[in-house]
Structure formats: C-alpha cells, structure tokens
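Engineer: If you scroll down you'll find the structure; I have some questions about it.
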Amino acid sequence: MKMEIKNIKKATFMVLVATAMLSFSACNKDSGTTETAAEEVKATAATSVVKTDKDRILEASAAGKIGNWGLGNEYEILALLAKYDQPLEFLSQDFTMDGFDDDSIALASAMTYNELGLVKNDYDGAYGYGDEVGTIDMNDEGVAMLEDNLFTTAEFAKANPNTVKAFVYATLKGWEDATADPEAAAEVVYKYGSSVSSEHQLYMASEVKKLVETDTEGNPVSNYGYMDEEAMQQTLDLAKTYIKLDDSQAASKLASLTLDDVRDTSYWEAATASEDGSDLGTPETTDVKVQLKWLPQSQFMGYYMALDKGYYSDLGLNVTIVPGGGDIAETTAVYNGTVDFGVTWVSNMISANAAGMGLLEVAQIYQRSGLLLVYKK
Amino acid sequence: MNKKQKNMSWQSLSSIIYPAIFGIVVFVMWQGGLLNILLHTDTNTLPSPSRINSIIMDNQAKIFLNLKATVIVALVGLLFGSLIGYGIAIVAAQYRKWGAGGITLASAFNAVPIVALAPVMNNLTKHISSSVDFRSMLAKTLVVMIVCIAGMSVNAYRGLTELKPFSEDLMKTYAAGNFTVFKKLLLPNSIPYVFTALRISLPGSIISALVTEYFSEKVIGIGRQIRENIVTAQFATAWAYIIISCLLGIVLYVLLLLVESVVMKNRNRK
C-alpha cells in the first residue's frame with residue numbers, strides 16, 4: 001500500500017514535469033509560428049517592390065542586426081556602413097552561423113569559402129539554405145580590403161633574403177598546383193589535419209581558387225601573389241579611416257604609414273623571375289615556421305600543397321606549418337619570433353605596424369576580398 | 001611589556017612596509033626599462049607605466065563607458081547570485097537530511113567553466129528582448145550570478161547550521177517561531193560566513209564578468225577591450241585596460257573589507 005502511494009506521487013511529479021516541459025516548448029513554437037506568419041505577410045507585401053542591397057543594409061542597420069566577428073575583421077563592414085551614412089555599429093557574431101539561422105542577425109558576415117558554404121550547402125554541419133540566401137559583396141560595394149597575405153618581419157627579411165625568396169617561390173608553386181586541381185588540394189589539406197568535413201574542404205578549395213585568381217574588379221589574375229598597387233592602397237586608406245586606436249602614439253604612426261612600410265615587392269619579383277628556384281641563392285636560415293591565420297583548412301591549401309609535394313625541401317627549406325585559431329594573433333607570433341612567416345589580413349598587419357611591430361608583406365595571395373554579407377531572401 | 005608592544009607594532013608595520021618597498025622597486029625597474037631587460041621583452045609587449053598612464057588619461061570617457069558595463073554586470077550578478085545562494089542555504093538548513101548533499105550538488109555548478117556558460121546564456125536570452133544592450137547585459141549577468149551562487153550557499157549553510165551548542169534548544173524553550181529563530185539566531189550567526197562568501201565571490205564575479213564579455217553580442221566592457229586590443233596587437237592599450245581591471249578588483253575588495261569591519265564591529269559591540 002505504502003509503495004503504491006509512493007509510486008502515485010512519483011507519477012504525478014513526472015506528469016507535472018512533463019507538462020511543464022511541453023508547455024515551455026509549445027510557447028517557443030508559438031512564438032516561432034507567429035514570427036514566420038509575420039514574415040510571410042512582409043514577403044507578400046514586398047513582392048511588388050524589389051528590395052535593393054541598399055534597402056537591406058539600411059533596414060538591418062536600423063534594426064541593429066548587422067553581424068561581424070570583430071577582432072580586426074570588421075573594417076570592411078564599417079566602411080560599408082559609412083558609405084550608406086549608417087552608425088558604425090555591429091553585433092558581435094560568434095564562429096557559428098546560428099545567429100543568422102535564428103534571425104537574431106539579418107545581415108551576417110560570411111567568407112565566400114567558409115560561412116557562405118555552411119549556410120548554403122546541405123552536407124553535415126551545414127544549414128542547407130541553398131538559393132534562399134543572397135549576398136552583398138565587398139568588392140562590388142567598393143570597400144574591399146585585401147585579406148590573406150604572406151608576411152615576415154622587416155628584420156628577418158633583411159637578414160635572410162634568400163630564405164624569403166625561396167619560401168615565396170615554393171609557396172607560389174604550391175598555390176599554382178592547388179588552384180590547378182582544387183580537389184587534390186582539398187584532399188592534401190584533409191590529410192594534414194582538418195578542422196572541417198572533407199566535403200566542406202572541397203567547397204572551400206574551389207572558392208579560394210576564385211579569390212586567388214580574380215582581382216577586386218573581377219578580372220582574372222595569372223601572376224600568383226602579385227601585390228596590386230591600387231588594391232593595396234585602397235586597403236591602406238580604408239585601414240587608416242576605420243582602424244581606431246586608443247593609443248595616441250600608435251594612432252599617429254598609423255596615420256603616417258605608407259605602402260613602403262607595409263610591403264616589399266622585391267622578394268616576390270625575384271621569386272617570380274626565377275627559372276626553377278635554384279638560382280635564388282643558398283637560404284641563410286633553413287628551418288622556418290609559417291603561422292596560419294586559422295585552423296588547417298583549404299583556405300591555406302597552397303602551403304600544404306607546397307609541403308606535400310616537397311617544393312620547400314627542394315630548395316633546402318625545412319618548413320613547419322603552424323595552425324592558428326581562436327585568439328592566436330599571427331602578427332604577434334611572427335613579431336616575437338615564435339614563427340618566421342605568417343598569413344594574415346593586410347589590415348591586421350597595418351594595425352600591428354602602427355603598434356611598431358615592423359612587419360613586412362612579401363606576397364599577396366588573395367587578390368580580392370572574400371567577405372560578404374549574407375541575408376535570407 | 002613595553003618591549004613586546006614595540007615588537008608587535010614593528011611587526012604589523014613591517015608587514016606593510018616590506019611589500020610596499022618591493023612594489024616600489026618593481027615599479028621603478030618597470031619604468032626604468034630594467035624589467036624589460038630581465039624578462040627579455042621589448043617596450044611594445046610590456047610598455048612603461050607612464051605610457052600606459054597616458055593612454056588611460058587620453059581615453060577617460062571610453063574607459064568609463066566600458067568600466068560601467070563591467071561593474072554593473074559584476075555587481076548585479078553578485079547580488080542576485082548571493083541572494084539565491086543564501087536562499088538555497090536556508091532551504092538546505094531546514095531539510096538537513098538531504099540539505100548537505102544538495103549543497104554539494106549546487107557547488108558543482110562552480111565547476112562549469114565560464115567559457116562554456118557564456119554561449120549557453122547568449123542563446124537562452126536571444127529571444128527575450130529585441131534590445132541587444134539589454135539581452136547581452138542579461139546574459140552576462142546570468143553567468144556571473146551562477147558563478148556566485150555556490151560560494152554563498154556553501155558558506156551560508158555553515159553559518160545557518162554551525163550554531164552555539166544548545167542555542168537552538170534554548171530558542172525552542174522560549175517557544176520561538178521559525179521566523180523568530182531565523183531572525184534572532186540564524187541570521188546573525190550567518191553574517192560572518194556571508195562576508196567570507198563575499199570575499200570569495202567578489203573577485204570571482206569580476207573575473208567572470210570580464211571573461212563573459214568575450215562572448216557577448218554587444219562589443220563593450222573592460223574584458224572585451226583587453227581581448228580586442230591583444231588580438232589587433234595593441235598591447236599598450238590592452239595593458240591600460242588590464243590595469244583598470246586590476247584597480248577595479250582592488251577598489252571593490254577594499255570597499256567590501258571596510259563594510260565588513262564596520263558591520264562586525266557593531267555586532268561585537270552588542
């Protein structure tokens with residue numbers, strides 16, 4: 001008898017918990033359906049008028065729903081907001097696209113080769129939106145800043161000119177191979193330790209190929225690693241306008257920076273003029289490390305390709321690729337000598353040089369901006 | 001006797017003087033650049049105090065704005081976390097059979113890292129308000145609150161249960177009601193334990209406020225500024241915010257000690 005009472009008590013308790021959970025989830029669903037209903041009304045009302053990208057930017061800005069990761073990735077977005085006379089504010093986006101998925105971000109930042117693929121495609125870990133999403137391209141908007149480059153310190157380059165030339169030569173050869181066969185490149189990257197699925201790695205390789213072989217205007221580029229004066233100058237000008245430094249000493253240094261403080265084309269010129277790399281002289285330093293900006297992925301396929309095919313060792317270089325990720329600052333890693341070369345966005349190198357790090361770009365791998373704002377149609 | 005007294009006062013004085021001398025020596029070495037040589041760092045990674053100070057002076061308005069955001073999150077989180085912790089302790093003290101076990105369970109919350117809690121709270125609060133300022137503040141405060149619950153519940157539970165022998169029986173012989181027992185016996189008995197809890201929770205609340213800002217939707221707060229400036233290689237500015245966060249912790253801790261000494265003094269006088 002006593003047992004039964006206990007059981008009844010237990011049962012009622014469980015029912016109570018179950019109803020509470022059900023009603024909670026029902027509440028959530030209710031709010032969801034009303035939202036979609038409202039969106040449908042909006043959508044039908046809007047079918048007669050075609051929304052332009054400008055409308056979308058103004059609307060999202062007014063709602064405070066433009067997202068970016070910050071941490072030095074935000075300058076193109078700030079330039080875009082300034083172009084449309086909007087307040088220079090954005091939501092801090094995390095490293096997933098969940099905010100875009102649940103509509104807390106209307107215009108989300110996405111790299112063509114990474115987040116856009118996660119939003120559009122339907123492989124494991126992606127959101128499967130397909131053609132239901134549209135994009136606003138920083139290149140088309142005229143606010144493109146150059147991204148993934150190859151840099152070292154001015155000091156290292158001066159002391160090891162042959163090492164730098166050889167490293168640039170082998171790296172560019174790796175990129176040539178990678179863009180010629182993105183599928184093979186994706187497989188090589190996957191082999192060296194991948195942070196994402198092989199399907200996504202392949203998607204990334206095909207998109208990165210476009211960034212390496214097309215300039216900001218959409219014209220094809222055949223000389224890999226070329227440092228285009230105009231695009232570099234636009235990057236520097238936008239950086240000077242939108243990088244805000246609290247340190248007055250660094251701020252005045254930033255204002256005085258010229259392209260010559262940021263890049264040196266001579267190593268690239270020597271590397272591209274070389275017949276087979278053997279005429280570049282004996283490397284002064286043979287053990288070198290290169291710090292990537294992010295986890296191992298096809299974004300850096302050229303380096304993995306050069307390593308895998310032995311292009312570095314052919315020139316007597318013993319290269320270690322150091323993956324990045326999280327809060328690892330590649331600029332600091334190169335500056336303090338933990339590594340010899342680094343891959344970063346030009347804007348990040350500019351702010352590091354404003355702080356007095358004396359970094360030097362020796363090749364510009366990506367010829368156009370890969371940053372987009374993605375929205376649901 | 002006199003000699004002994006002299007010794008005592010010299011001892012208490014020296015406990016202040018030696019650390020102070022050490023601090024001054026480090027400061028002079030830092031400003032003079034000797035510290036950079038000893039640590040093999042350049043003035044970029046470890047800028048001089050005068051440079052850090054000039055950055056603080058140049059950006060007072062911005063620093064104040066960020067400081068305000070951090071302080072509100074830390075203190076509101078501390079307040080609600082402590083109240084909930086005390087509430088749990090009262091309930092646990094009432095039902096002692098499973099109370100002690102419950103407290104242990106509650107303190108397990110303390111083991112959940114802030115890095116894991118912050119994104120969870122961000123997602124939970126996403127649909128609460130359309131105002132980013134409000135919901136990101138709420139998410140951050142919730143993290144601080146959870147971090148502060150455990151310390152208070154464990155300490156307050158001891159304050160509510162470790163009573164003077166027979167004091168509870170005495171209250172019973174007076175035929176005192178539950179509330180009277182709480183007001184006259186349990187609450188006063190728990191006050192020293194509450195302060196012990198606060199001395200643990202206060203620095204904890206500031207640290208969790210700083211860290212949870214890393215993941216917040218709104219880019220604001222001392223912790224967030226430290227992260228932004230380190231990632232964009234602005235170490236001098238990052239140091240300025242680090243100094244501000246240290247000062248914040250020290251000032252709030254000293255205030256807490258002052259309040260504690262006043263409250264305890266009054267209690268002892270009674």
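Every number here is computed from the coordinates shown, using simple stated rules; none is lab data. All values reported here derive from a predicted model rather than from experimental measurement. So basically every Cβ, Gly included, is an ideal-geometry build from the backbone, and we count neighbours across all protein chains shown.
Engineer: Residue by residue, what Karplus-based ³J(HN,Hα) values in Hz, rounded to whole numbers, does the stretch B:19-24 have, using 6.51, -1.76 and 1.60 with θ = phi - 60° and x for Gly and Pro?
Structural biologist: Karplus-based 3J(HN,Hα) across the stretch B:19-24 equals x, 5, 4, 4, x, 5 Hz.
Engineer: Give, in nm to one decimal, the length gained when the segment between A:ASP55 and A:THR241 is fully stretched (0.36 nm per residue of separation minus the Cα-Cα distance).
Structural biologist: The A:ASP55-A:THR241 span can extend by a further 64.5 nm.
Engineer: Rg(Cα) of the protein assembly as shown divided by 2.2 N^0.38 Å? Mind showing how you got there, number by number?
Structural biologist: Working: Rg = 30.3 Å, N = 647, 2.2 N^0.38 = 25.7 Å.
Taking the Cα Rg and dividing by 2.2 N^0.38 Å, one obtains 1.18.
Engineer: Which one of B:TYR214, B:TYR253, B:TYR18 has the biggest mean-square fluctuation once chain B is modelled by GNM with Cα springs under 10 Å?
Structural biologist: Result: B:TYR18 has the largest fluctuation of those listed.
Engineer: Follow-up. Viscosity 1.002 mPa s, temperature 20 °C: Stokes-Einstein D of the stretch B:140-270 from its Kirkwood Cα radius, in µm² per second?
Structural biologist: Reported coefficient: 123 µm²/s.
Engineer: Can you tell me the 0 to 90 degree angle between the C-alpha axis of helix B:132-161 and the longest principal axis of chain B, rounded to 10?
Structural biologist: The two axes meet at around 40 degrees.
Engineer: Here is a follow-up. Please compute the average number of Cβ atoms from other chains found within 10 Å of each residue's Cβ in peptide B:222-233.
Structural biologist: Per-residue shielding by partner chains comes out at 6.
Engineer: Pull out a ≥ b ≥ c, the square roots of the eigenvalues of the alpha-carbon gyration tensor of the stretch B:1-152, then state rounded if a/c is under 1.5, prolate if not and a/b is larger than b/c, and oblate in the remaining case.
Structural biologist: Working: a/c = 2.69, a/b = 1.32, b/c = 2.04.
Oblate.
Engineer: Taking H as built 1.01 Å from N, whose amide H comes closer than 5 Å to the amide H of A:ARG263, not counting residues under 5 places away?
Structural biologist: Placed amide hydrogens put A:GLU361 under 5 Å from A:ARG263.
Engineer: Output ³J(HN,Hα) for the stretch B:35-43: one whole-Hz value per residue in order, computed from phi by the Karplus curve 6.51 cos²θ - 1.76 cosθ + 1.60 with θ = phi - 60°, and x for Gly and Pro.
Structural biologist: After applying 6.51 cos²θ - 1.76 cosθ + 1.60, I find 4, 4, 5, 4, 8, 6, 10, 8, 6 Hz.
Engineer: Exposure proxy check: A:TYR84, A:TYR192 ranked by fewest other beta carbons within 10 Å?
Structural biologist: Ranked by crowding around the Cβ, least crowded first: A:TYR84, A:TYR192.
Engineer: How big is the Cα convex hull of chain A in projection, averaged over all directions, in nm²? Write down the numbers at each step before the final one.
Structural biologist: On the way: hull surface 99.7 nm².
Projected area, direction-averaged: 24.9 nm².
Engineer: Moving on to the next point. Taking only the alpha-carbon positions of the stretch A:148-238 and ignoring solvent, what does the Debye formula give for the base-10 log of I(q)/I(0) at q = 0.18 Å⁻¹?
Structural biologist: -0.99
Engineer: Treating the angle as unsigned and between 0 and 90°, give the value, to the nearest 10°, between the Cα long axis of helix B:235-269 and the longest Cα principal axis of chain B.
Structural biologist: The helix B:235-269 is inclined about 30 degrees to chain B.
Engineer: Over all alpha-carbon pairs of the stretch A:101-192, lay out the pair-distance distribution in 5 Å bins, whole %, shortest bin first.
Structural biologist: Answer for the stretch A:101-192: a P(r) of 3, 9, 12, 15, 15, 16, 13, 8, 5, 3, 1 percent.
Engineer: Taking +1 at the Cβ of each Lys and Arg and -1 at the Cβ of each Asp and Glu, which of A:MET145, A:ASN160, A:SER194 sits farthest along the dipole of chain A towards its positive end, judged by Cα position relative to the Cα centre?
Structural biologist: After comparing all options, I get A:SER194.
Engineer: Also: What distance in nm separates the two pseudo spin-label positions at B:LYS183 and B:LYS164, each 7 Å out from Cα along the beta-carbon direction?
Structural biologist: 2.0
Engineer: If you project the alpha carbons of the stretch A:150-369 onto the principal axes, what extent comes out on each, in Å, largest first?
Structural biologist: On the principal axes, the stretch A:150-369 reaches 48, 39, 33 Å in Cα extent.
Engineer: Return, for the Cα atoms of the stretch A:236-335, the radius of gyration and Dmax in Å, separated by a comma.
Structural biologist: 17.3, 48
Engineer: For chain B, what class follows from the C-alpha gyration tensor (a ≥ b ≥ c being the square roots of its eigenvalues): rounded when a/c is under 1.5, otherwise prolate if a/b is larger than b/c, else oblate? Don't skip to the answer; put the middle values down first.
Structural biologist: Values: a/c = 2.79, a/b = 1.33, b/c = 2.10.
Here chain B falls in the oblate category.
Engineer: Also, I was wondering about something else. Which ³J(HN,Hα) values in Hz, rounded to whole numbers, follow from the phi angles of the stretch A:315-324 under the Karplus curve 6.51 cos²θ - 1.76 cosθ + 1.60, where θ = phi - 60° and Gly and Pro get x?
Structural biologist: Running phi through 6.51 cos²θ - 1.76 cosθ + 1.60 with θ = phi - 60° gives 9, x, 9, 9, 9, 10, 8, 9, x, x Hz.
Engineer: So if I restrict to the alpha-carbon atoms in the stretch B:70-150, what is the Rg, and what is Dmax, the biggest pairwise distance, in Å?
Structural biologist: For the stretch B:70-150, the Cα radius of gyration and maximum Cα-Cα distance read 14.2, 45 Å.
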